[in-house]
Each structure stands twice: as C-alpha cells, then as structure tokens.
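Here's the structure we're looking at; comments come further down.
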Amino acid sequence: MTSAPLDAIGARRLNQGVTATWWYTVSGVIGFQLMVVFIWLTAFIGMRFAPVVVATYAIGSILWCAACIPLLVQYRHRDESSGPFAGWRGIVVPLLVSAAFGVVIGLMTGLWLVGAVPIAQSLMLLNWPRGVRLRLLGVVMLVLAALAFIDIRTVFADPGIRIGGAAWIFGFLGVLLPAMSVLSLWWWDVLVTLDRARAAEARLGATQERLRVATDVHDLQGHHLQVIALQLELAERLLEKHDPDAALEQLRLARTSVADARQGTRDLALRFRGVPLPDEIANAVDLLRAAGTTADATVSADAAAAPASVLGPVIRETTTNALRHGGGHWARLSLRREGGVWRYEIANDAASDTTAADDGSGLEGITRRATEAGGEVQVERGRGEFHVVVTVPEIDAADAR
C-alpha cells in the first residue's frame with residue numbers, strides 16, 4: 001500500500017537533486033562568463049580605453065549574461081530530436097541582444113575577438129545535436145583563435161597599449177569560453193542520460209517483478225482451478241448416473257484442492273515476504289539512497305539469525321517513516337546482537353515541519369510488534385534528529401520453527 005507514496009517521494013527527491021545540479025551548471029556557465037568579462041574589463045581599463053567604452057562594455061556584458069539565461073533554461077527542456085531553432089520565439093531576443101552587444105563593443109574597441117565572443121558563446125548554448133555541436137565548437141574555436149591572433153598582431157602591437165604578455169591570456173580566455181560552456185552542457189547531458197537510465201531500470205525491475213509474481217500466481221492458481229473444475233464436472237456426471245457416493249467423494253477432493261490452492265497462495269505470499277534481514281536492510285539503504293538520502297548501515301555477520309518475522313516489518317516501517325517524514329539528507333541503520341537480544345536502530349535527520357503526530361500510527365504498529373515478541377521500542381526526538389531503537393529477544397532454532 002505504500003509503494004505509490006514512496007515512488008512519489010523518491011521521484012520528487014531525485015527531481016530536486018537534478019534541479020540543483022542544473023542550477024550548478026547554469027551558475028558555472030554564467031560564472032565563467034563573468035570571470036572573462038571582469039578580466040577583459042580590467043584589461044580595457046589598463047589599455048586606457050575611453051570611459052564610455054568601459055562603461056558600455058560593463059553594461060552590455062551584464063545584458064549579455066542575462067540574455068544567456070533564457071538560452072540555458074530552454075536548453076534544459078530541450079528535445080534532442082528537434083533542431084536548435086525549434087523554439088525560436090524564446091531564443092530570438094537573447095540572440096539579438098548578444099549579436100548587438102558583440103557588434104557595438106567590437107566597433108568601439110576595434111577588437112575582433114571581443115565582438116565575436118558574445119555571438120559565439122550564445123550560439124554554443126543552443127540545442128545543437130551532439131555531433132553537430134562538437135564540430136561547430138571546433139570551427140568556432142578556430143575562428144576565435146584566428147581573430148585573437150589578428151588582434152594581438154594589430155591592436156596589441158600598438159606601442160601606446162602596454163598590456164605585454166597579458167595579451168595572450170586575453171586571447172586564451174576568449175577562445176576557451178565556448179569550450180568551457182560546451183563542457184558544462186555535456187556534463188549536464190550525461191547526468192540527464194544517467195537519470196533517465198536509472199528511472200528506466202527501476203521501471204524495468206518493477207515490471208519484471210510483477211511479471212514474475214503474476215507468472216507464479218497463474219501457474220499455481222491455474223493448476224488448482226483446472227483440477228477443481230474437472231473434479232466438479234466429474235461429480236456432476238456421477239450424480240446424473242445416480243452414484244451419489246462417488247460424487248460426494250469428488251466433492252471432498254474438490255474441497256481438498258481448494259484448501260491446497262489457498263495454502264499454496266499463502267506460501268507464495270510468505271515466500272515474497274520472507275526476506276532475510278541483511279537483505280531487508282540492504283534494500284532499505286538502496287531505497288533511501290535512490291530517494292537522494294545519504295544512507296549507510298552496520299549489520300552483524302550473524303544477522304540472518306535474527307527474528308525476521310518481527311524485525312522485517314519494523315525495518316520496512318521505519319524506512320517508510322524516514323522517507324515520509326525525514327529531512328532527506330542522511331540516515332543510519334544498524335542491526336546487532338547484544339547479550340540475549342537483537343538491537344535494531346535507525347537514525348535520520350528530521351524535517352523542520354515534522355511533529356510527533358505525523359508518524360504516530362507507524363510507531364504504534366512497531367511498538368505492538370515488538371511488545372508481542374517480548375521486546376521494547378525507544379523513540380528519541382532531538383533537535384534535527386529522529387532516533388528509533390527496537391530490541392527483541394533472540395530465539396533459538398526450535399522456537400523459530
């Protein structure tokens with residue numbers, strides 16, 4: 001009953017992690033642009049350009065960086081099957097702003113590289129196919145390198161401009177900027193591909209598990225139902241032949257087949273539920289990590305001997321509580337033997353808006369299970385931390401049977 005809420009929680013936290021990574025990507029691209037802008041602005045001041053040129057470059061750079069943000073936002077929601085100009089209404093204004101800034105500042109400074117970089121950078125942020133993007137990047141870098149060489153040989157060669165060896169750094173940053181942006185977007189594409197692959201793998205695993213359960217149920221129930229149908233049909237024919245004793249015997253056999261089918265279904269359900277406790281904790285850690293929580297566990301080597309019928313549901317319920325009501329940042333689980341009892345612990349960070357009433361029903365069920373097994377439950381709510389300790393007595397092999 002809890003699979004749908006847990007899937008929703010995991011998907012939401014994964015989406016939050018992907019969103020945070022996306023904004024890291026955006027901040028990286030824009031941050032590198034601003035670094036280049038700052039260095040170039042410092043160089044313009046050192047080259048003693050007119051104040052109006054420096055002011056125009058400073059204001060225009062801010063507008064250019066702001067115009068790149070819509071391009072990045074559209075890139076996030078891109079469709080790989082569409083071309084770079086599919087959503088042209090959302091990119092035409094940013095491209096015009098970048099082109100206008102490049103032309104104006106290029107004419108004012110007389111530097112080809114300064115005028116070409118804003119246009120080249122904006123073009124690199126479009127939704128190019130992967131192979132096309134790489135080839136286009138190579139062409140752009142060659143063009144920018146050629147323009148940088150021209151500027152160094154002409155403008156920076158002027159004796160009145162004393163920038164010295166910094167001219168090569170000036171050109172290197174301009175050529176490197178599109179490559180750094182493409183590298184950041186490539187990293188984002190890799191992350192999106194991995195996230196989609198993980199989601200597809202999870203859906204495939206769930207589908208395979210459902211298919212396996214459906215196959216087992218079909219084989220079990222199909223066999224018994226066919227036998228019962230034959231026995232009832234035979235009983236009907238015997239009644240028509242006025243042989244009630246034989247018909248009654250077939251009815252008894254049909255009732256036995258019904259009991260066998262019911263017991264087989266119960267055994268099948270227990271087989272799926274009866275997971276060893278080390279596997280239960282491993283599954284809990286995997287589930288927490290899939291939901292974006294940093295989780296680790298400490299399990300005794302002999303944990304398989306612990307009472308799974310008691311601690312198994314407890315582990316599942318506490319994991320559910322950590323997913324539903326936890327802060328989602330960290331969780332620690334442990335299962336070990338202490339003296340004559342088994343001690344299971346789970347600690348996790350608590351969400352800021354969580355109250356004691358949020359997980360009351362879950363803790364009541366855990367307490368009831370532990371009490372029926374002769375154990376006890378301790379719950380500790382600290383500042384920003386939630387801690388549950390469940391202790392149950394160990395049982396020997398005869399009691400387990």
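Would you be able to tell me the number of residues in segment 78-94 that are modelled with pLDDT of 80 or more and either among the β-branched types (Val, Ile, Thr) or surrounded by fewer than 21 Cβ atoms within 10 Å (Cβ to Cβ) (or both)?
Narrowing segment 78-94 to residues modelled with pLDDT of 80 or more: 91-94.
If we keep only those that are either among the β-branched types (Val, Ile, Thr) or surrounded by fewer than 21 Cβ atoms within 10 Å (Cβ to Cβ) (or both) too, we end up with 91-93.
Going through segment 78-94 one residue at a time, the tally reaches 3.
Among the residues of segment 360-401, just one is surrounded by 14 or more Cβ atoms within 10 Å (Cβ to Cβ), modelled with pLDDT under 90 and among the hydroxyl-bearing types (Ser, Thr, Tyr), namely THR367.
Does LEU211 count as modelled with pLDDT of 80 or more and not assigned by TED's automatic domain parsing to the domain that holds ALA58? Answer is yes for this residue.
Let me confirm something: among ALA357, ALA305, ALA297, ALA351, which residue is at pLDDT below 80, crowded, with 16+ Cβ neighbours inside 10 Å and assigned by TED's automatic domain parsing to the domain that holds GLU385? Lay out the reasoning, then the answer.
Numbers: ALA357 fails: crowded, with 16+ Cβ neighbours inside 10 Å; ALA305 fails: at pLDDT below 80; ALA297 fails: at pLDDT below 80.
Exactly one residue qualifies, and that residue is ALA351.
Taking the criterion of being in contact (Cβ under 8 Å) with a residue 24 or more places away in the chain, of a type in the set (Phe, Trp, Tyr) and outside any helix (DSSP H, G or I), would at least one residue in segment 320-339 satisfy it? Yes; the residues of segment 320-339 include at least one that is in contact (Cβ under 8 Å) with a residue 24 or more places away in the chain, of a type in the set (Phe, Trp, Tyr) and outside any helix (DSSP H, G or I).
Each residue in segment 204-241 was checked for being under 20 Å from ALA254 (Cβ atoms), loosely packed, with under 14 Cβ neighbours inside 10 Å and not charged (D, E, K, R), and 4 pass. In segment 125-157, the qualifying residues are those that are in a loop (DSSP other than H, G, I, E, B) and of a type in the set (Val, Ile, Thr), and the one that is modelled with the lowest pLDDT is VAL155.
The values are calculated or read from the model by the stated rules, or taken from the named source; none is laboratory data. Everything quoted here is computed from the prediction, not taken from an experiment. Here Cβ is always computed from backbone atoms with ideal geometry, including for glycine, and neighbour counts include all displayed protein chains.
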